[in-house]
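Participant: Let me give you the structure first, and then I'll get to my questions.
The values are calculated or read from the model by the stated rules, or taken from the named source; none is laboratory data. Source: prediction; values computed, not measured. Cβ placement follows ideal geometry from the backbone for every residue including glycine, while neighbour counts extend to all protein chains displayed.
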Amino acid sequence: MLTAYVPILILFAFMVAISLIIIVLSHYLSSRKYSSRERFEEPYECGLSTGGIKPGRYPVKFYLVAILFVVFDVEAVFLWPWAISFQSFREMGYSVFWYAEMIVFLGILLVGYVYLVGKNAFDWK
Amino acid sequence: MAISFEIVFFGVFAGIAVILAIMMLSVKSPVHAALCLVGVMIMLAILYLMLHAYFLSVVQIVVYAGAVMVLFLFVIMFFYSPGASDPSRMSVHFTHIAGAIILAVILLAVITGSFLLSGNVSLTEKPSAAQMTDIEKPIAETSEAPLTEETSRMIEKQNPQLVGRMLFTKYLLPFELTSLLLLAAMVGAVVLARRSPPAEAGSAGGDGND
Amino acid sequence: MTLMDIVWAAVRAAAVLVVTLGGMAYLTLFERRVVGFFQRRPGPNRVGWQGLLQPIADAVKLLFKQEIIPRNADKFVYFLAPCISLTAAFMLFAVIPIQSNFAITGIDAQTSLGLIEDVNVGLIYILAISSLGTYGVILAGWSGGSKYSFLGGLRSCSQMISYELALGLAIIPVVLYAGTFSLNGIVIAQQGFFGSLLAKPVNLIALIPIAIAGVTFVISMFAETNRNPFDLPEAENELVAGYHTEYSAMKFAMFFLGEYVSIIAAGALAATIFLGGWAGPLWFGPISGIVWFTAKTMFFLYLFVWVRATLPRFRYDQLMKFGWLVLLPVALLNVILMATLVVFGIGLTPA
């Protein structure tokens with residue numbers, strides 16, 4: 001079974017090779033007619049000069065979305081083994097037990113979700 | 001043949017993991033350090049894979065590399081523009097190396113000590129049938145001592161199912177408590193990030209501060 | 001595992017790469033021609049017969065374009081980001097079954113002819129790889145050192161992670177039905193729906209949550225691949241070109257490649273998970289698996305282009321609201337619906 005994953009490794013090696021080839025090839029083949037090197041290498045802006053990214057203040061929503069993503073991702077991670085173990089629970093006659101435990105889990109999370117909606121956590125304004 | 005093959009692969013991936021971990025501590029840019037940590041997470045996933053823990057391995061990537069590290073990167077990128085390095089990141093000093101070696105020795109001592117004290121009991125002895133629930137029995141039966149080719153194939157093929165079966169029977173209470181933990185995380189995130197919803201004049205449209 | 005096995009695996013990996021690259025090149029032409037058709041204009045038709053050499057001309061042009069590296073870019077990350085995008089997109093193809101082994105060799109109906117035989121965590125592998133694809137976008141946005149690309153990267157990344165949740169939940173009804181994460185196992189379990197080798201009894205009620213999951217999956221895939229109507233990262237009128245504003249020449253082309261390859265992967269995945277992959281109602285010899293698989297994938301690719309030509313773009317707050325307040329709860333309730341059905345014994349094929 002472990003050997004089944006070797007082709008993935010080979011594909012990955014191919015992809016690394018292709019990425020390197022593309023980058024090196026494009027570096028050597030690219031046109032070198034810089035009209036004004038200075039201006040070309042500045043960050044893109046329509047005619048103004050810009051300082052690029054300024055560190056510091058950015059909307060906190062991006063952070064909120066990322067942290068909520070982690071929470072719900074962990075929830076989904078629990079749902080996967082739950083979903084796949086249904087057949088074996090059914091064979092043992094425990095299918096209602098199987099159902100109930102996830103309903104409890106999701107019920108507690110639903111409280112959290114309702115709280116988030118109530119606090120306008122998903123309101124991007 | 002099979003064993004040497006695995007040892008070579010283990011050496012390569014564990015080596016990469018250690019190198020990346022050291023780089024994570026030593027590189028100057030915080031974003032590079034975070035990327036090294038992502039690399040460590042992926043290497044750990046490959047090591048799990050080599051231990052035949054298939055499900056755990058992909059979940060490691062989904063949760064740690066795919067979610068937690070994205071959150072880290074988000075936060076780091078808000079504070080460091082490209083090319084900036086963190087002045088508070090220390091350069092590696094003799095005392096740090098010495099401290100690391102001492103900690104490694106202590107860790108090794110604790111691990112070997114715990115093995116010696118427990119006398120390897122937990123590794124070899126199976127719980128008696130009376131202590132097991134109905135649901136655990138089939139798993140215990142399949143993991144009885146000499147593994148035949150067929151049962152080991154079955155266990156490997158059924159790996160996610162076995163994880164699910166253990167998680168939702170033996171470890172049911174920790175699983176249900178996790179939901180409370182996640183609930184706390186949701187509330188915490190909102191409390192931290194949404195202290196005063198109306199007072200956000202500076203970011204009209206949600207697009208930065210310019 | 002012998003040397004022969006490794007060589008054979010390498011040959012298959014190379015075949016997957018070549019076919020996907022070719023498919024991607026002609027998908028760009030296909031898209032431009034179809035959008036042209038929708039807008040009553042010819043689209044590119046000058047280079048070669050019906051414009052068939054256009055993708056090659058584009059590739060050569062991009063290869064010789066001037067390479068611009070922004071002065072305040074983080075060089076290492078700047079080069080790494082397009083590689084991640086491209087690699088993650090191609091790695092998705094590793095677990096997609098293309099053809100039943102049964103059709104070729106007459107034995108072993110459980111394995112399939114894709115890149116790899118069968119992986120018992122195939123579906124989760126797909127989600128893991130697509131979550132790694134997020135790094136290409138966010139790193140590209142940051143490393144260019146421009147605020148347009150940074151904001152584009154942040155937006156794109158938030159969007160991708162938001163819709164990834166719905167993606168992760170949309171697969172669960174299928175897993176409940178098929179009882180496996182293996183993509184080939186899912187195809188085999190669905191053969192009752194879409195006909196073929198081993199007909200199984202079908203319960204039509206089970207199709208309801210699976211159909212809802214399919215719609216959720218496809219919508220999330222539109223967002224994951226940054227396609228219209230979710231192409232906010234590339235909202236030209238707001239952010240120039242989004243996260244790859246600072247990229248030029250072949251490095252820009254790598255993002256482009258990655259995007260189109262992941263569109264093909266999205267189509268192939270939707271076809272495999274929800275439309276029965278290589279299984280088809282009509283079985284005509286060994287190549288029929290590949291024919292059905294390609295036809296179903298083409299259907300989804302056409303859908304991608306069709307939607308692009310039809311729908312306007314979302315506003316960003318609408319997009320996030322739709323993801324978190326509509327798609328996520330629908331996917332979650334759908335999981336509960338499917339679980340309720342299977343617990344009461346409805347909609348599950350006899351094991």
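Participant: What single numbered condition from (1) at pLDDT 80 or above; (2) surrounded by fewer than 24 Cβ atoms within 10 Å (Cβ to Cβ); (3) of a type in the set (Phe, Trp, Tyr) fails to hold for C:Tyr125?
Facilitator: Single failed check for C:Tyr125: (2).
Participant: Out of all the residues in segment C:305-320, which are aliphatic (A, V, I, L, M) and under 28 Å from C:Gly43 (Cα atoms)?
Facilitator: Of segment C:305-320, the ones aliphatic (A, V, I, L, M) are C:305, C:307, C:309, C:311, C:319-320.
If the condition is that a residue be aliphatic (A, V, I, L, M) and under 28 Å from C:Gly43 (Cα atoms), then C:Val305, C:Val307, C:Ala309, C:Leu311 are the ones that fit.
Participant: It is to be established whether one or more residues within segment B:36-46 are at the interface with chain C (Cβ under 10 Å from one of its Cβ atoms), at pLDDT below 90, surrounded by 18 or more Cβ atoms within 10 Å (Cβ to Cβ) and closer than 23 Å to C:Ser130 by Cα.
Facilitator: Checked segment B:36-46: no residue is at the interface with chain C (Cβ under 10 Å from one of its Cβ atoms), at pLDDT below 90, surrounded by 18 or more Cβ atoms within 10 Å (Cβ to Cβ) and closer than 23 Å to C:Ser130 by Cα.
To keep it simple, each residue is scored yes or no on (1) within 12 Å of chain B (Cβ to nearest Cβ); (2) crowded, with 17+ Cβ neighbours inside 10 Å; (3) out of contact with any Lys or Arg (no Cβ under 9 Å at 6 or more places or on another chain).
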| position | (1), (2), (3) |
| --- | --- |
| C:Pro55 | no, yes, yes |
| C:Lys61 | no, no, yes |
| C:Ile68 | no, yes, yes |
| C:Ala73 | yes, yes, yes |
| C:Tyr78 | yes, yes, no |
| C:Ala81 | yes, yes, no |
| C:Ala88 | yes, yes, yes |
| C:Val95 | yes, yes, yes |
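Participant: Look at segment B:3-35 and say how many of its residues are within 13 Å of chain C (Cβ to nearest Cβ) and closer than 19 Å to C:Leu80 by Cα.
Facilitator: 10
Participant: A further question on this structure: Would you please list the contacts, defined by Cβ atoms under 7 Å and residues six or more apart or on different chains, that run from a residue in segment B:156-175 that is within 7 Å of chain A (Cβ to nearest Cβ) to a residue that is among the small types (Gly, Ala, Ser)?
Facilitator: B:Gln161/A:Ser85; B:Gln161/A:Ser88; B:Gly164/A:Ser85; B:Arg165/A:Ser85; B:Arg165/A:Ser88; B:Phe168/A:Ser85
Participant: Any idea how many residues of segment A:90-122 are modelled with pLDDT under 85 and at the interface with chain B (Cβ under 8 Å from one of its Cβ atoms)?
Facilitator: Residues in segment A:90-122 being modelled with pLDDT under 85 and at the interface with chain B (Cβ under 8 Å from one of its Cβ atoms): 5 in total.
Participant: Just one of the numbered conditions (1) among the small types (Gly, Ala, Ser); (2) closer than 23 Å to C:Ile188 by Cα; (3) at pLDDT 75 or above is not true of C:Ala309; which one?
Facilitator: Of the numbered conditions (1) among the small types (Gly, Ala, Ser); (2) closer than 23 Å to C:Ile188 by Cα; (3) at pLDDT 75 or above, the odd one out for C:Ala309 is (2).
Participant: Residues that are in contact with a Cys (Cβ under 8 Å, 6 or more places away or on another chain) and within 15 Å of B:Ala65 (Cα to Cα): which helices (runs of 4 or more DSSP H) entirely in segment C:116-185 hold 3 or more of them?
Facilitator: Numbers: elements: C:122-143, C:147-170, C:172-178.
Correct list: C:122-143.
Participant: If you don't mind, another one. Can you find a residue that is within 14 Å of chain C (Cβ to nearest Cβ) and at pLDDT below 75 anywhere in segment B:86-95?
Facilitator: Within segment B:86-95 (the criterion being within 14 Å of chain C (Cβ to nearest Cβ) and at pLDDT below 75), the answer is yes, since at least one residue qualifies.
Participant: Name, by its number, the condition in (1) within 30 Å of B:Tyr54 (Cα to Cα); (2) facing chain C (nearest Cβ under 7 Å); (3) modelled with pLDDT under 90 that does not hold for A:Ala76.
Facilitator: With respect to (1) within 30 Å of B:Tyr54 (Cα to Cα); (2) facing chain C (nearest Cβ under 7 Å); (3) modelled with pLDDT under 90, A:Ala76 is out only on (3).
Participant: Now, a different point. Name the helices (runs of 4 or more DSSP H) wholly within segment C:288-348 that hold at least 1 residues that are over 23 Å from the mean Cα position of the chain (by Cα) and not charged (D, E, K, R)?
Facilitator: Filter on segment C:288-348 gives C:316-321, C:328-343.
Participant: Also, quick follow-up: Working only within segment C:136-156, note down all residues that are in contact with a helix residue (DSSP H, G or I) (Cβ under 6 Å, 6 or more places away or on another chain) and either facing chain A (nearest Cβ under 8 Å) or surrounded by fewer than 24 Cβ atoms within 10 Å (Cβ to Cβ) (or both).
Facilitator: Result: C:Trp142, C:Tyr148, C:Ser149, C:Phe150, C:Leu154.
Participant: Right, another one. Please work out if B:Ala65 is touching a helix residue (DSSP H, G or I) at 6+ places or on another chain (Cβ under 9 Å), facing another protein chain (nearest Cβ under 10 Å) and either in a helix (DSSP H, G or I) or not hydroxyl-bearing (Ser, Thr, Tyr) (or both).
Facilitator: yes
Participant: Turning to a different aspect of this structure: Would you pick out the residues in segment A:72-107 that are among the charged types (D, E, K, R) and either under 23 Å from the mean Cα position of the chain (by Cα) or buried (at least 22 other Cβ atoms within 10 Å of the Cβ) (or both)?
Facilitator: A:Asp73, A:Glu75, listed by residue number.
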